[in-house]
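Structure record follows, encoded as structure tokens.
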Amino acid sequence: MSSAAGSRIVVTGATGNVGTSVVRLLSEDPGTESVRGLARRIPDWSPPRTEWSAIDLSSERADLAAEFAGADAVVHLAWAFQPTHDPATTWRTNVLGSLRVFDAVAAAGVPTLVHASSVGAYSPGPKDHAVDESWPTHGWPDAAYCREKAYLERALDTFERDRPEVRVVRMRPAFLFKRESASEQRRIFGGKFLPGPLTRPELLPFLPDVPGLRVQALHTDDAAKAYVLALGSDARGAFNLAAEPPVDAGLLAELLGSRPVRLPRAAARSAIAAAWGLHLLPASPHLFDAVLRLPLMDCTRARAELGWNPEHTASEVLEELLRGLQHGEGGPTEPLRGRRAS
């Protein structure tokens, strides 16, 4: 696995869950000349051949073209999941910030753009078989995350039409976890009021089994491998990224030593909506609606064209996440700071 020899890579969102894995792999790759990590806050972490710039993509004053000057590729990972109660704020960072990235790539003459899309960009799809990258990407319009990811798919359609000289790769990963991101995941999806016992399997005798709750997961490091492989190839277009097996209540119950108990969708959604409305839970009921409709993804193209294969099964990924939650694991950057569940 190697990027292009002598390559200079810029990574946005370089201090987050995916960004730290991508930066680490690139910094360890002898074919990488330099990595420039862009983030809102510069970390104390100093991987080899890596420089940092403090950049806020939501700011119109951010001079991204200057940051991208001389780069062989831009890996665009920056994303804000919160505040879910203020979708205008996430739109400014995620959509308008991404459009600034795309414009700056063109202005700086960067030959390759690798963009972090998501399974969340896909239109509702099947849970009993997997779909390939040709499945429609219109998202679930009621969920801000999906709406933003789908909008950027359309923006990239236009970008590719108008800028054929730029090689564009769209990664569409499943839910991404690693041990070092456990505390961040807890803050993003569970919030500070998530009861500590929920991270202790022995205290969960029952697990809600909601119809349609069948998704895919992937270790963040395995996703990062796909990004680096794409940088070192001539590949273009979209790539699904996920590990086997699909995750459902049965698999989770087995991992937790719990017994799945059927819970109607309406009851589960009502509970989530109430907690979200009271600002006790950051994950919105709209995202819950979207998750129930996400298709399962076929990853044949990534295996065939990138030579990519995940090293971790979905079960191993979830086991690692649970251990991280129990021990308050974190990473060497502000977004990944650790916090033990009480």
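The values are calculated or read from the model by the stated rules, or taken from the named source; none is laboratory data. Treat the numbers as computed from the prediction; the structure is a model and nothing was measured. Neighbour counts run over all protein chains shown; Cβ positions are idealised from the backbone, glycine included.
Results, tabulated for the structure shown:
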| item | result |
| --- | --- |
| Pairs where the first residue, in the stretch 303-325, is free of Cβ contacts under 8 Å to residues at least 12 places away in the same chain and the second is in a helix (DSSP H, G or I), C-beta under 8 Å, 6+ apart | Asn309/Arg303 |
| Those helices (runs of 4 or more DSSP H) lying entirely in the stretch 150-269 with at least 3 residues at pLDDT below 95 and of a type outside the set (A, V, I, L, M) | 182-185 |
| The stretch 218-236, subset surrounded by fewer than 23 Cβ atoms within 10 Å (Cβ to Cβ) and among the aliphatic types (A, V, I, L, M), residue nearest to the chain's Cα centre (by Cα) | Leu229 |
| Condition met for Trp276 (surrounded by 15 or more Cβ atoms within 10 Å (Cβ to Cβ), over 30 Å from Asp72 (Cβ atoms) and either modelled with pLDDT of 90 or more or among the aliphatic types (A, V, I, L, M) (or both)) | yes |
| Residues being assigned to a loop (DSSP other than H, G, I, E, B), at pLDDT 95 or above and surrounded by fewer than 20 Cβ atoms within 10 Å (Cβ to Cβ) - total across the stretch 280-323 | 8 |
| Selection within the stretch 157-175 - touching a strand residue (DSSP E or B) at 6+ places or on another chain (Cβ under 6 Å) and farther than 14 Å from Met297 by Cα | Glu160, Val166, Arg167, Val168, Val169, Arg170 |
| Subset of the stretch 208-255 [of a type in the set (A, V, I, L, M) and without any contact (Cβ under 8 Å) to a residue 60 or more places away in the chain] | Ala249, Ala253 |
